Amino acid sequence: MKFKTTAGIIFILLIGISCGDEQDQESAYEYSAQIDKAVESGLSESSFTGAVVLLGTDDEILYQKAYGYASLYDQELNVVENPESTTVDHMFDIASLTKIFATTYAMMALHSDGLIQLDDPVSEYIDEFAKPSHSNITIRDLLSHSSGLRQWYPTYYTIDNSSEFINWVVDLDLVGSPGEDRRYSDLGFMILAEIIERVTVQNIEEYLYERIYEPLGLSVIGFNPVMGSDEKIVSTSHGNPFERKMISDDSFGYSIDVNPDAWNEWRDYTLKGEVNDGNAFYTFDGMTGHAGLFSTADELSILLQLILNEGYWNDEEIISSSTIEKFVSKDQFRNGLGWAMDPGFLHAETLPEGSIGHTGFTGVNFIMSPEDDMFYIFLTNRQHVGVDESGNYPDLSNIREELSSIIFKGL
């Protein structure tokens with residue numbers, strides 16, 4: 001059973017509403033109404049049950065609003081007795097946005113501090129990569145998804161824990177030559193997390209908090225929030241039906257050389273505060289470089305404001321502007337280092353030149369235009385509505401395109 005959800009205003013701050021003239025106020029209300037219409041259409045079509053939209057500049061939040069329900073269905077897709085309304089204080093599983101807000105930020109900090117160089121071979125930091133087949137892979141290759149590594153593999157079918165990952169991955173045949181082609185790879189960002197931990201002698205979360213999050217005043221963002229936390233957390237999927245089908249059904253579009261029955265520890269409950277991604281959950285205990293981070297939209301916005309402020313926060317340099325420029329410049333693959341810039345990848349074809357962003361499998365994305373000093377964050381729980389008859393979650397590409405058009409046209 002499913003029913004349509006309705007939006008509720010949690011918090012709005014629009015320039016012009018409280019301090020502009022009447023024409024400015026009308027324009028601002030019209031602008032917000034267009035955003036509402038786009039998000040509410042997604043709610044009415046059951047593309048997700050809850051969402052948060054946030055717009056900001058380098059020094060202020062222009063607009064923030066929560067919609068629908070953070071938790072609505074149980075694992076049988078029956079409506080729960082007391083649905084939980086979404087608020088702007090809810091944490092979302094931000095999936096592959098972890099690649100940006102954890103791993104890429106950590107790599108930028110290491111580069112800014114002179115602890116890594118982008119064209120260094122990975123073998124300088126991970127001895128196991130010195131074998132001939134992997135010795136030419138550089139940090140830049142990992143960040144640009146051009147390492148030649150596989151895009152994805154269910155690590156939990158072949159290794160028991162994260163300590164076995166590096167030896168396993170260097171024994172895995174490459175599918176391309178390093179530096180030649182872009183193949184979006186989760187495995188590459190798992191390796192980057194290992195580099196971070198070997199360089200800093202800290203786990204990735206400890207380093208991020210000490211070096212970036214705490215100096216910015218962030219206290220909510222992190223891995224494994226369900227452990228000892230009373231924070232509000234949005235529910236995501238009901239087990240891992242999509243990932244199970246990736247492995248068990250070759251006609252689904254994935255060809256994985258494992259026996260689907262060789263492992264069977266799948267979750268069969270509604271996930272809330274547990275990372276959805278199977279590799280992150282089963283192999284890395286929820287903390288790795290490609291997925292696992294949870295955050296509110298508000299704390300993500302502060303991290304984006306750091307970039308717009310050229311790496312400064314409260315007059316303190318957190319990341320050098322020269323490092324930021326290197327990471328957000330378009331390369332031969334039409335993307336930055338970590339940061340996505342290809343409009344097709346971002347599901348937004350009408351972006352200002354130089355825009356950067358990323359998407360996440362749970363139904364989250366953000367886009368920022370440094371030239372226009374503007375960004376938006378769009379967080380949803382699309383997995384919470386379950387998969388369709390084909391085994392797929394709702395496609396958010398159209399609503400992402402519509403939101404980006406509304407927001408950046410509004411400039």
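The values are calculated or read from the model by the stated rules, or taken from the named source; none is laboratory data. Since the model is a prediction, treat every value here as computed from it, not as a measurement. Neighbour counts are summed over all protein chains in view; Cβ atoms, including those assigned to glycine, are modelled from backbone coordinates with ideal geometry.
Failed condition for N392, given (1) crowded, with 20+ Cβ neighbours inside 10 Å; (2) in a loop (DSSP other than H, G, I, E, B); (3) at pLDDT 95 or above, with all others met?
Against the list (1) crowded, with 20+ Cβ neighbours inside 10 Å; (2) in a loop (DSSP other than H, G, I, E, B); (3) at pLDDT 95 or above, N392 comes up short only on (1).
Could you count how many residues in segment 79-126 are surrounded by fewer than 17 Cβ atoms within 10 Å (Cβ to Cβ) and within 23 Å of P178 (Cβ to Cβ)?
Total satisfying the criteria: 5.
Specify which of the listed residues (V234, V258) is touching a residue at least 40 places away in the same chain (Cβ under 8 Å), in contact with a Phe, Trp or Tyr (Cβ under 8 Å, 6 or more places away or on another chain) and exposed (fewer than 15 other Cβ atoms within 10 Å of the Cβ).
Answer to the selection: V258.
What about R211, is it assigned to a helix (DSSP H, G or I), within 30 Å of V52 (Cβ to Cβ), of a type in the set (K, R) and at pLDDT 95 or above? Spell out the reasoning first.
On the way: assigned to a helix (DSSP H, G or I): yes; within 30 Å of V52 (Cβ to Cβ): yes; of a type in the set (K, R): yes; at pLDDT 95 or above: yes.
Here the answer is yes, as R211 does meet what is asked.
Please pick out the residue among L149, L192 that is within 27 Å of M108 (Cα to Cα) and either within 18 Å of the chain's Cα centre (by Cα) or in a helix (DSSP H, G or I) (or both).
Working: L149 fails: either within 18 Å of the chain's Cα centre (by Cα) or in a helix (DSSP H, G or I) (or both).
Testing whether each residue is within 27 Å of M108 (Cα to Cα) and either within 18 Å of the chain's Cα centre (by Cα) or in a helix (DSSP H, G or I) (or both) leaves just L192.
Pick out the one residue from D141, D59, D119, D74 that is among the acidic types (D, E), touching a Gly at 6+ places or on another chain (Cβ under 8 Å) and more than 23 Å from Y209 (Cβ to Cβ).
Numbers: D59 fails: touching a Gly at 6+ places or on another chain (Cβ under 8 Å); D119 fails: touching a Gly at 6+ places or on another chain (Cβ under 8 Å); D74 fails: touching a Gly at 6+ places or on another chain (Cβ under 8 Å).
From the options D141, D59, D119, D74, the qualifying one is D141.
Could you give every pair whose Cβ atoms fall below 7 Å, whose first residue belongs to segment 359-388 and is under 13 Å from H238 (Cα atoms), and whose second residue is outside any strand (DSSP E or B) and among the aromatic types (F, W, Y), counting only separations of at least 6 or pairs across chains?
Going by the 7 Å Cβ cut-off, the qualifying pairs are N381/F48; R382/F48; R382/Y393; Q383/Y393; H384/F48; V385/F48; V387/F242; V387/Y393.
Pairs, please: C-beta under 9 Å, at least 6 apart or cross-chain, first residue assigned to a loop (DSSP other than H, G, I, E, B) and in segment 54-83, second small (G, A, S)?
Pairs found: Q75/G239; L77/G386.
Is it true that P225 is touching a residue at least 12 places away in the same chain (Cβ under 8 Å) and part of a loop (DSSP other than H, G, I, E, B)? Outline the logic, then answer.
Values: touching a residue at least 12 places away in the same chain (Cβ under 8 Å): yes; part of a loop (DSSP other than H, G, I, E, B): yes.
Against the criterion (touching a residue at least 12 places away in the same chain (Cβ under 8 Å) and part of a loop (DSSP other than H, G, I, E, B)), P225 qualifies.
Tell me the residue from E299, E325 that is over 30 Å from E164 (Cβ atoms), of a type in the set (D, E, K, R), part of a helix (DSSP H, G or I) and free of Cβ contacts under 8 Å to residues at least 40 places away in the same chain, please.
Numbers: E299 fails: free of Cβ contacts under 8 Å to residues at least 40 places away in the same chain.
The match here is E325.
I want to confirm something. Restricting to segment 395-411 and keeping residues that are small (G, A, S) and assigned to a helix (DSSP H, G or I), which single residue is surrounded by the fewest Cβ atoms within 10 Å (Cβ to Cβ)? Steps first, please.
Step one: of segment 395-411, the residues small (G, A, S) are 397, 404-405, 410.
If we keep only those that are assigned to a helix (DSSP H, G or I) as well, we get 397, 404-405.
Details: S397: 14, S404: 25, S405: 16.
Of everything passing the filter in segment 395-411, S397 is surrounded by the fewest Cβ atoms within 10 Å (Cβ to Cβ).
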